Each structure stands twice: as structure tokens, then as C-alpha cells.
Ligand SMILES: Nc1ncnc2c1ncn2[C@@H]1O[C@H](COP(=O)(O)OP(=O)(O)O)[C@@H](O)[C@H]1O
Ligand SMILES: [Mg+2]
């Protein structure tokens, strides 16, 4: 446990110093701050547009950070030979991979936390929204955190066998398709009008790919009509789904990484 | 060679490292399958400094990585401190300094030791302090690695490699790319490790530095061991040149030593003879003949010569075959 913990804290220390990530993070914070400020100037904009725009920025920036952070994580360790020093200590490969992944999750938590904090403060300051709206934003930020934790697991899994560049597009692709799963499911798999083979394929794809659209429920523009019957059940359900999926990905990654030459 | 494989992973006392026909094969598009490490039989005794020498690309790093379980052998077997390679327990008592290592640049020297210490479950500030003192970095403990010179980085690397008080250290090109002063510092530390009873396995392609400190060496080229043994034995066959004056032709005619050349000119005698010949006898003879000894110069073979010989022999041998 000590080894995993110190590998992950060291990973956080490195991540929060990576210039690319800091630049993306700063752009994110900037965009998130501009939205509520601008909305004060333009009379037409309502709470819904503001919330939606802020969440859109938060999500895209978080996803970008998650991918950029994780695709290089393992390859960098190998290229700089830091992994050799670590693996020559009594550290198993699975401990290394888990430590790296937890470090990525912690770093993502810090960065999303920062953006979400700025978002909430400025939203409150400029729009004086009802408390319920604030809580909605907070809940959505937490869902995004789970979403990018899952995405980070996808990228770590791929990084055990593909190069960073390929991984970047693969992970982005998986996220892209995964965020459209609910609409895809509705138009193909669940559509009695489409051919059985298409329905079958759509069912297969939608059940095997990680479903990222589950994590974007609170965006009032993307999901206008969505009302969640039982909030607690929903959050626990999506969190559980994410955790299960992450576990499977990390175990698969470990199995590949264990056999691999580094 | 016909001995039974060790039972229960226990080797006869004394061997810190033993490999039997250890082989690593890589496939390349141009050359097909190549044995980068080719049926290697190594034997490293406990408590010695062992030099693993060879030109770039000889297979040194690949061998070390196999011994550490970082990559997997294609064939053959290897034992480290009596355990089969890959055994995690061994990792508690060995350590490794990779070639051109890199340390997380944002960390200070002290933080590096804390980080690597944590991987062993060691959190002993006094110990970290002692190690920093040992490698002469106590004054730089709070500087970040990005502020360290190459030599300082190598020394913090050596400090981290001592965290677990290892019985066996693998140092891959430990003096590579360092200036002469840093070389000397590293060499002194390595000698100190041996005095503390540790076994040190050094890989290097820079011979002059290594030859002064190694007890035994193996020369590897293209994945194969060419020579292996005590440095004195491998370097045997040096020559000695004796120059004396005030002698006559009659004396010069009596000088006879195997594999020697004798020249005599105007009373000056120059004998170039094998180191193994009777040098003392010759010197006594010169004194008895009232000659004057001007110089006795041993021209020892250097590791460098042996190295070049070995590798060029290999080249011409390869062409003949
Ligand atoms: N992963 C690999 N795939 C293919 N060839 C490799 C790989 N790693 C090393 N080699 C080749 O193996 C040979 C030996 O490499 P190495 O052990 O690093 O040599 P040394 O440390 O003695 O300089 C080199 O020719 C190198 O190109
Ligand atoms: Mg090497």
C-alpha cells in the first residue's frame, strides 16, 4: 500500500507541474470565468444558457486534460527509465500501474475541483441563483469527475500496448462514441423499425463501450427533458457503473502490462 | 556445467549472480532474429566488483534488465543471490542504477530519497541524511533535481541505490557522460561499497576507469562472452624493457630469455622481454658484469588493449568462419 501511495502522490506532483496541462487548465478557468461575466452584459441570456455553457467548457476541458495527462504517463516513465528504478525495488507491476492510475485520478480531482470551484463562485456572484441550481452544478461536476476517471482508465489501458499518439485518438474516439451512446441506443438498438442485425450490433456496441453519456445528465440544453426519478439511486448507479468499468479496464491493463517488455 | 540446477532456488555459497545459457532474442525486420544476449554463462562471486565490459550495443543493459526481471529471457536461466530471476524477495536486497538515469525533476534530493525509501517501506529521516552525507550532497538536500549537475544526479542515484542496504548493486554505465572529477567521486564510492561487503556489478564501455577498480571482468561482444576472469590473469602477457649501459658484447651474447629481443650498441643493452621471464636474473647479471641499469620499464597490457584485441579477433574470426 505504501508503494502505491507514494507512486500516486509523486504522479500528482509531476502532473500539476506539466506545462501543457497547466496551460489547458488556465484556458479552462478563463473560459469558465468569462461565461457568467458575459451573461451579465447580455440581457437575453438566462440561467439555463449560462449553466449549459459553463458545463460544456468544464466537460471538454476536463476530458482534454484527462487524455493528455494519461496517454503519456506510462510511456514517459519508460522513456526516462524512471520505471526501471521503481521496478527494481520490491514493487510489482500491478502496484506501479495502480499507483499511476490513482495519481492521475487525484490530479484530475484537483484540476476539476479548481475549475468547478471557480465556476460555482462566479456563478453565485454574477447570477445570484437559487440554491438548487448551485447544487445541480456541483453534482454535475462530480459526475464529470467520475466520467474522466473512467476515461483515464481507458487511456491507461490503451497505453499498455499502443503509442501515445494512437492512444490520444483512440481514447478521444472511445469518449466521443461513448458520449453518444444514449442517443445511439435510442435510435438504433431500441428502435423497432431498424433491421434486427443493426439492432443487435448497436446493442453490442452500446453495451461494450463505456457509456459516457450517463455522466452528462444535468446539462439542461443537452438533456432538456431529463428528470431523474430517484437522484440517490441514479448517482450511486452511475458511480458503481464507473467503478466496475474502471476495475475491469485496470485489471485488463495489468494483464497486458505484466507480460510486456518495458 | 553439468551440475544439477539448484534445488529450491538455493545456489552453492558464494555466487551472487549466475547465468546459464541466458539468451535474449529480438526480431528485427532487416536482420531477422538476433540473439542480443547469446547463451551467456556468467558467474559473479559475492563481495567482488565485477566489470561487465563491452562496446555499445553488446547486450550489457539487456542482460542487467533480464537479471532484474524487467524483461524476460528468451532461453536459459539466471540466479541472483541464489534465487531465480524475477523473484520479488530478491528486490529487497539488491539495487539498480540505470544507464543515464532520470529523477523526477521537481523533487529535491531529500524528497527523492523519501520517495524511493517509501517503495521499501523505509521512512527514516536520519538514514536519508546519512546517505546524503555519504554522497556529499548534504548541503544540497533542499535543491531540486533540476538544479543538480550530472555528477550530483549520479550521486543522488547512488544514494537511493543504498537505501535498502543492498547486498548486490547493479550499476549500468555509472560514469557515463561525467567529467573526470565526477568520475573519481563515483569510483571512490564504488570502492567504498565493496569495502562495506557489497557485491558490485558494473557495466561499462569506458575501460580506463573500470580497470582500476574491478576484481574480475567479463568482456561481452555481440551478446557473447569473449573473456571472463580475474583482471590480473587476463592482463598477463605484458612485457618489460630493460636498458643498461657499460656492458660489452660478450655479456650481450649471454643474454637469453624466451620471447625476448636483445639489441646491443656502443655498450648499451636493450632487452625487451616477457613479464614472465627471469627479469631479476637479468638484472643480477648486469650488476655482476659491472653494468649500470638505466631503466626497467614494465609495459603492462592494459584492459583497453585486451578489449580491442578481443573484439578485433572476433571480427577477423567471424570473417574466416
Ligand atoms: N527492445 C528491443 N528490440 C530490439 N532490439 C533491441 C531492444 N533492446 C535492445 N535491442 C538491441 O540489443 C542490442 C544490445 O543492446 P543493449 O543491451 O542496450 O547494449 P549495451 O547496453 O551493451 O550498449 C542493441 O543492438 C540494441 O539495438
Ligand atoms: Mg547499455
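We did not get these values from a lab; they are worked out from the coordinates using the rules stated. Remember, predicted model here, so these are calculated numbers, not experimental data. Cβ sites come from the backbone with ideal geometry, for glycine too, and all protein chains shown count toward neighbours.
A few comments on the model shown:
- Per-pair calculated FRET efficiency, R0 = 51 Å: residue B:305 and residue A:169 via Cβ, rounded to 0.05: 0.40
- Cα gyration tensor shape for chain A, rounded if a/c is under 1.5, else prolate or oblate: oblate
- Percentage relative contact order, chain A, counting C-alpha pairs under 8 Å, at least six apart: 26 percent
- Cα gyration tensor, the stretch A:71-205 - rounded (a/c under 1.5), prolate or oblate: oblate
- Residue B:288 paired with residue B:99, simple spin-label distance in nm, labels 7 Å along Cα-to-beta-carbon: 5.7 nm
- Estimated from helices alone, the mean residue ellipticity of chain B at 222 nm is -9500 deg cm²/dmol (sum of -39500 (n - 2.57) over DSSP H runs with n ≥ 4, per residue).
- For the stretch A:1-120, the square roots a ≥ b ≥ c of the C-alpha gyration tensor eigenvalues yield an a/c of 1.5 or more together with a/b exceeding b/c, which makes the shape prolate.
- Within 10 Å of each Cβ in A:16-22, the average number of Cβ atoms from other chains: 1
- Where a label projected 7 Å from the Cα of residue B:72 along Cα→Cβ would reach, residues of the stretch B:84-98 with amide N under 17 Å: B:84-88
- Helix A:47-71 and the longest principal axis of the C-alpha atoms of chain A enclose an angle of approximately 10°.
- Descending semi-axes in Å of the stretch B:239-299, equivalent ellipsoid built from Cα gyration tensor: 16, 11, 11
- Kirkwood Rh and Cα Rg combined as Rg/Rh, chain B: 1.09
- Global dimensions of the stretch A:53-100 from alpha-carbon coordinates: Rg and Dmax equal 15.1, 48 Å.
- Only helical runs count toward this figure. For chain A, summing -39,500 (n - 2.57) over DSSP H runs of n ≥ 4 and dividing by all residues gives -26000 deg cm²/dmol at 222 nm.
- The slack in the chain from residue A:40 to residue A:252, taken as 0.36 nm per residue of separation less the alpha-carbon distance, amounts to 71.4 nm.
- Using alpha-carbon coordinates, inclination of helix B:109-120 to the longest axis of chain B, degrees: 70 degrees
- Nearest 10 degrees, 0 to 90: helix B:279-288 Cα axis against chain B principal axis: 30 degrees
- Within the protein assembly as shown, the proportion of C-alpha pairs whose separation exceeds 41 Å stands at 45%.
- Sorting the segments A:146-155, B:229-238, A:53-62 by their residues' average number of neighbouring beta-carbon atoms within 10 angstrom, most packed first, yields A:146-155, A:53-62, B:229-238.
- Taking only the Cα atoms of the stretch B:127-283, the ratio Rg/Rh comes out at 1.21, with Rh defined as the Kirkwood radius.
- For the stretch B:36-133, the calculated P(r), taken from all Cα-Cα distances in 5 Å bins from zero up to the bin holding the longest distance, is 2, 10, 17, 19, 17, 15, 11, 6, 2 percent.
- Chain lengthening between residue B:29 and residue B:280 when straightened (0.36 nm per residue, less Cα-Cα): 84.4 nm
- Summarising the label geometry, the points placed 7 Å from Cα in the beta-carbon direction at residue A:259 and residue B:245 lie 7.9 nm from one another.
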